[in-house]
Structure formats: C-alpha cells, structure tokens
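Below: the structure, in structure tokens.
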Amino acid sequence: MKKRFEDYGIPTPLSITTASLREAREILSDKTLPWILKPCSGSQGSLGVSIVTGIDELQDFYINAYNNSQDSLVVIEKYYNGREFSVDGIISCGKPIVLIVSEKFNLGYENNFTISGFAIGSISDEDHDLKKKFSSISDVALEAARSLEINNSFFSVDVLLTADGPIVIECGVLLDAKIDRLLYFAGVDVYEMICRVVAGERIEEASPKFQKGYALKFMFAQKEGKLKIVSDYDRQMSRNSSRILIEWERNNDNKVGIPKSIADTVGWVITEANDRKEAYRRATKISEEQHFQVI
C-alpha cells in the first residue's frame, strides 16, 4: 500500500517496518519525535498503536505493537498533527464514487486512539477552513483508491488534514466502522448498492448531497462487568423534531470492559441536526445519558 502511494505521488507519512527493538531504537535515534508505533498486520482498530514522544517510552510501546502484530513486525511512522477524516465509497466497474466524507473522532491516548464517532453532512458556516479544503480531502482519497486498483468493492481512506494539506494514512476495502449504519440513517442504501455491484450491475449514481448533518457516537463501558441495558428506546425515535437512533452491539449479560479497540463498543447513537457539528454535539450528549449499566 505505502509503495503504491509513493509510486503515484500520493502524500503519505514516511513509514519504516522493523523486526527488532534494537533496530527501532537505531531508526529513531536521529529522528525528531514524536513518531507513531503500530502493529504491521492483523490488529483491529487502534489496538497496539502508540505515540512515541521520548526514547525512554520506546521499549514498552514496541512490545505493545509487537504483541498485537500478526506477523511480529512493527511499523514506525512519522507523526502529523491535524483533523482526521474517513472517505468512504464504492468502486463499480472501475468508477469510484465517494459516498461520504466524515470527520473522525477518537478517545485519545489513554484508550489507544479508539474511534469514538463520526460526523457527516453539511458543514457549519463558522468552519471556514474545512469548507475551503473539503474537496481536496476527497481528491486525494480517490487517488489512493485508484493507486491500489480496487474494483467492485467498497473502499475507505483515512486522511489527515494538516496545515500543509491532506495526507493519506491508509486505505482499506471495507467501509469504516459502522459507517454503513450512519449512511443508511442518512438515506443512502449501501446494502442495495453492494448487492448490485456483486450482481454485476454498474453503479452510476453521483455522490449524495446531504442537506442536514448526521453523526454517530459510540458508547463504551467504563469498567469491566456484565452489560445491563436500561434504556427504554433501542429504536428510531424523535426528539425536538430531529431523529435519533440507538443500536446495540452487545446483548444483556455480555461481558464488557474499558475500550482497547472499536471491538469493545457497547452500542452507538446516531442523530440528525442542521449541520455535522450540531449533530455530533447532540449524539455525544445523548450517548452520555444512562442507557446501560455495568454490573
């Protein structure tokens, strides 16, 4: 993937793969920190990912990445600061269609940068920087998908919007976590789309235009125990004329715990509002209500 990005001139962080802690230490000895350490293969979500801000942290972070890597290799990657976006779409008969450009939020360093939610749709008037650079995010993501020759499949590109412009972190052949639920809520039937692609039909639709904002906020447990759902609404409902949807990943009596990756989500809240910023604020507020207990 990284080699293809480089060959096609797609901006992406410098990335080095290593098989030993000693080599990792040598690589970083003359580098300006911070850098990222992450598993090379097989890890889910952000499990095993760390930001190295000092060489004294390297050993513990290397072991964390190594233990979560299926092939025992560790990736050292240059760190960039910026807003993170997920560009999700479908490629039908060689034609890429962007379905959604969502801003992506995470739980931070303490929880392995696990995804905490997404916001899509109309952009608030005060977010001038995003409005100005929005199209460049889609453009670089499409180039990334084309460089990998993905076809008749979904695609998902993680893009970081930095002060110097967008850079591509990675590209996969699935939609990002639960983006299908957010798209369906917003009126885009991705399930029908993929069935049509698999059946050999060519998708011709242009990218959808959202008149409102939509957001998805994951719910996680704050301690270990068994789940007890106490919310009396686990279906679509309305509040103040805007739609709300709560769905559950886990069932009553399932074991839950503090999030280490997106696999630890208990459920999610999806909301609708005038723009994406307001929708995410509402989703966050509703997600913090007592919908479940951990016994």
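The values are calculated or read from the model by the stated rules, or taken from the named source; none is laboratory data. Everything quoted here is computed from the prediction, not taken from an experiment. Every residue, glycine as well, gets a Cβ built from its backbone with ideal geometry; the counts of neighbours run over all protein chains shown. To get the accessible areas, we keep the full protein, side chains included, count just its heavy atoms, and leave off ligands, DNA and RNA. Shrake-Rupley method; radii C 1.70, N 1.55, O 1.52, S 1.80 Å.
Result for the chain in a Gaussian network model with C-alpha springs under 10 Å: among Ser50, Ser138, Ser72, the largest mean-square fluctuation is at Ser72. In the complete set of protein chains, residue-level accessible area for Trp268 is approximately 10 Å², probe 1.4 angstrom.
Once the Cβ-Cβ distance of Asn151 and Val230 is raised to the sixth power relative to R0 = 30 Å, the FRET efficiency obtained is 0.05.
The label-point distance for Ser124 and Leu21, in a model that sets each label 7 Å from Cα toward Cβ, rounds to 4.5 nm.
Just checking the listed ones, Ser136, Ser29, Ser116: in the Gaussian network model of the chain with Cα springs under 10 Å, the one fluctuating most is Ser29.
I need the Kirkwood Rh of the chain: take the reciprocal of the average 1/r across all distinct C-alpha pairs and report it in angstrom. Computed over the chain, the radius equals 20.4 Å. Taking a straight line from the alpha carbon of Lys78, these lysines sit under 30 Å away, with near neighbours fewer than eight places off in the same chain left out: Lys2, Lys3, Lys31, Lys38, Lys104, Lys131, Lys132, Lys133, Lys178, Lys217, Lys260, Lys277.
Straightening the chain between Lys95 and Lys223 buys 41.5 nm, computed as 0.36 nm per residue apart minus the Cα-Cα spacing.
With the simple model of a label 7 Å out from the Cα in the direction of the Cβ, Lys133 to Lys3 spans 3.1 nm. Rolling a 1.4 Å probe across the protein heavy atoms gives the chain an accessible surface of 49 Å² per residue. Phe218 contributes an accessible area of around 10 Å² to the protein surface, as traced by a 1.4 Å probe with all chains present.
Each residue was assigned an accessible area with a 1.4 Å probe, and for Asp60 the value is about 110 Å². The value of relative contact order for the chain, using C-alpha pairs under 8 Å at least six residues apart, is 18 percent. One chain, two ends: Thr53 and Asn111. Fully extended at 0.36 nm per residue, the span grows by 19.2 nm beyond their Cα-Cα distance. Between Gln70 and Glu247, the simple spin-label model (points 7 angstrom out along Cα→Cβ) gives 2.4 nm.
When the helices of the chain are scored as -39500 (n - 2.57) per DSSP H run of n ≥ 4 and the total is divided over every residue, the value at 222 nm lands at -7000 deg cm²/dmol. Surface composition of the chain: carbon and sulfur atoms hold 47% of the protein heavy-atom accessible area at a 1.4 Å probe.
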